[in-house]
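Have a look at the structure below, then the notes.
Readers should treat all values here as calculations from the given coordinates under stated rules, not as data from a laboratory. Computed from a predicted model, the values in this text were never measured in an experiment. Cβ: placed from backbone, ideal geometry, glycine included. Neighbour counts: every protein chain shown.
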Amino acid sequence: MTHVGFLRAVNVGGRGLVKMADLQKAFTATGAQGVRTVMASGNVIFDAPVALGPMRDRILKKVGALLGAEPLIVFRTLPYLERLVEAAPFGALVNDTRIKLYVLFLSGKPTQRPAFPITIPKEAVEVPGLYEQDALIVSRRKPNGMYGFPGLWTDKELGVASTARNWTTIIRIVKRPT
């Protein structure tokens, strides 16, 4: 089964710096096969048994040693990501060049379930809802010209840690898994 590991806070803002070649080696050392990375933001595609089980723990340990800290890695299967893209959860919004779209991959089941949609005015972000276990994010420009970023709101609002990926990155992973 093909899996994707999404690392949180890797090569972002000068922190969590890691070379993708080193990340590939760390995953390969755990028994993962066909390890490859997409972009330099901690997206790792690899082949492994359907249930990661003990391999998940080995990956966390190896990557933690590489980063010097306990990593947050959210795992999804490639078929899950293909279903997500095929579902087109953002609808016509994908054609709106004034916004950015993200998916927040949750590291576990939400402990709290707020009423959707959620608006985060400070960040100019809207959360229309979930796709299965992951939060959909619509980001607009803030007055300073920057786009709002979903940040760590899931830790507080959903009671679970997460890592965000731009919709175009998810499409790229699905379209070019090799």
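In this structure the amide hydrogen of Tyr131, modeled in the peptide plane, comes within under 5 Å of the amide hydrogens of Leu136, none closer than 5 places in sequence on its chain. With 0.36 nm allotted per residue and the present C-alpha distance subtracted, the Lys142-Lys122 stretch has 6.4 nm of extension available.
Working from Cα pairs under 8 Å separated by at least six residues, relative contact order for segment 61-178 is 28 percent. Model label sites at Val50 and Glu132, defined 7 Å from Cα along the beta-carbon direction, differ in position by 1.3 nm. Taking the alpha carbon gyration tensor of segment 86-175, multiplying each eigenvalue by 5 and rooting it gives semi-axes of 19, 17, 12 Å, largest first.
Its Cα centre serving as origin, the chain has a Cβ charge dipole (Lys and Arg +1, Asp and Glu -1) of approximately 400 debye. Put simply, the C-alpha atoms of the chain give a gyration tensor, and the ellipsoid matching it has half-axes of 27, 17, 16 Å, longest first. Per-residue extension of 0.36 nm, minus the Cα-Cα distance of Glu157 and Thr28, leaves a gain of 42.9 nm for this segment. Counting Lys and Arg as +1 and Asp and Glu as -1 over every other residue whose Cβ lies under 12 Å from the Cβ of Tyr131, the net charge comes to -1.
In a reduced charge model with +1 at each Lys and Arg Cβ and -1 at each Asp and Glu Cβ, segment 2-71 shows a dipole moment near 100 debye about its Cα centre. Pairs from the table (Lys19/Lys100; Lys122/Lys175; Lys61/Lys122; Lys25/Lys175; Lys62/Lys122) lying more than 31 angstrom apart at Cα are Lys122/Lys175; Lys61/Lys122; Lys62/Lys122.
Length gained on full extension, Ala69 to Ala88, computed as 0.36 nm times the residue gap minus the Cα-Cα distance: 3.3 nm. With each label modelled as a point 7 angstrom along the Cα→C-beta vector, the Asp57-Ala115 pair spans 4.3 nm. Annotation for Ile171 and Arg36: the two label points, set 7 Å from Cα along the Cα-Cβ direction, are 2.0 nm apart.
Relative to the longest principal axis of the Cα atoms of the chain, the long axis of helix 78-87 lies at roughly 20 degrees.
Mind checking the log10 I(q)/I(0) for segment 2-71 at q = 0.15 Å⁻¹? Debye, one equal scatterer per Cα, no solvent, two decimals. With one equal scatterer per Cα and no solvent, log10 I(q)/I(0) is -0.41.
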